[in-house]
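Heads up, the thing below is written out as structure tokens.
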């Protein structure tokens, strides 16, 4: 089992194109899973139902506006999810004004899409458009789901505790990263209990940030991870 985990870890690190192990903006590569494991755990059973249709013209307009707001070329699309994630992380990491700018860009994105928002950022819809990978789709959908939370119910806790979050992920980062390593090891050893181990992983994240910061940050960090799994594990709680 150790060999399996080591191989998975090495592969994930080699291909990682996002800000790994950042509590400011979690990314799918944090889970140290391969492209095949992304498919197995996140795309085999459609609990994330498609409702309505995505207007491609509106989607392209909304995406161009979001890309421009975070400093990417307006030609950047959802297929460039790694770039979008990195630029979003870079802006958020600059401080409160930049965080507010990201949230404004996200709000404009949602308003442009209107009722088609949920469909346009649905992983099964995006996968069906082709010319992408499971990892890229997950990066994009996780980015949008995380921003939904950060820029709404999580905003006050997030902006009040930015310094503590940064410190917690670096000062005692070994304990923080251990949550991800354990998650990877357990789902590799027993993939049929993916959602059960996800619940344990969320508890690990929450406990760590309660200890390092406070109970509100613990809840927020747990919830920020939860939204990335919510379409596949329906009963997760923080």
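The values are calculated or read from the model by the stated rules, or taken from the named source; none is laboratory data. As the structure is a prediction and not an experimental result, all values here were calculated from the model. Glycine gets a Cβ as well: all are built from the backbone with ideal geometry, and neighbour counts include every protein chain shown.
May I ask you to verify whether residue 130 is in the same structural domain as residue 83 (by TED's automatic domain parsing) and assigned to a loop (DSSP other than H, G, I, E, B)? Taking the combined requirement at face value, the residue satisfies it. Could you tell me whether residue 5 is surrounded by 12 or more Cβ atoms within 10 Å (Cβ to Cβ), modelled with pLDDT of 75 or more and not assigned by TED's automatic domain parsing to the domain that holds residue 148? No, not satisfied. Of all residues in the range 57-86, those that are on the phi < 0 side of the Ramachandran plot and free of Cβ contacts under 8 Å to residues at least 12 places away in the same chain have Cβ atoms under 6 Å from Cβ atoms of residues that are part of a helix (DSSP H, G or I) and surrounded by 16 or more Cβ atoms within 10 Å (Cβ to Cβ), 6 or more apart or on another chain, in 74/64; 74/67. Condition first: surrounded by fewer than 19 Cβ atoms within 10 Å (Cβ to Cβ) and under 17 Å from residue 126 (Cβ atoms). Now tell me which residues in the range 62-76 satisfy that. The answer is 64, and nothing else. Of all the criteria given as (1) within 20 Å of residue 119 (Cα to Cα); (2) modelled with pLDDT under 90; (3) buried (at least 16 other Cβ atoms within 10 Å of the Cβ), the one not satisfied by residue 47 is (3). What about residue 170, is it surrounded by fewer than 20 Cβ atoms within 10 Å (Cβ to Cβ), more than 18 Å from residue 33 (Cα to Cα) and without any contact (Cβ under 8 Å) to a residue 24 or more places away in the chain? The answer is yes for residue 170. Within the range 206-238, the set of residues being part of a helix (DSSP H, G or I) and within 14 Å of the chain's Cα centre (by Cα) comprises 220, 221, 222, 223, 224, 225, 226, 227, 228, 229. Checking the stated criteria, residue 194 turns out not to satisfy the condition of being surrounded by 14 or more Cβ atoms within 10 Å (Cβ to Cβ) and within 16 Å of the chain's Cα centre (by Cα).
Residues of the range 87-107 that are modelled with pLDDT under 95, surrounded by fewer than 18 Cβ atoms within 10 Å (Cβ to Cβ) and assigned to a helix (DSSP H, G or I): 90, 96.
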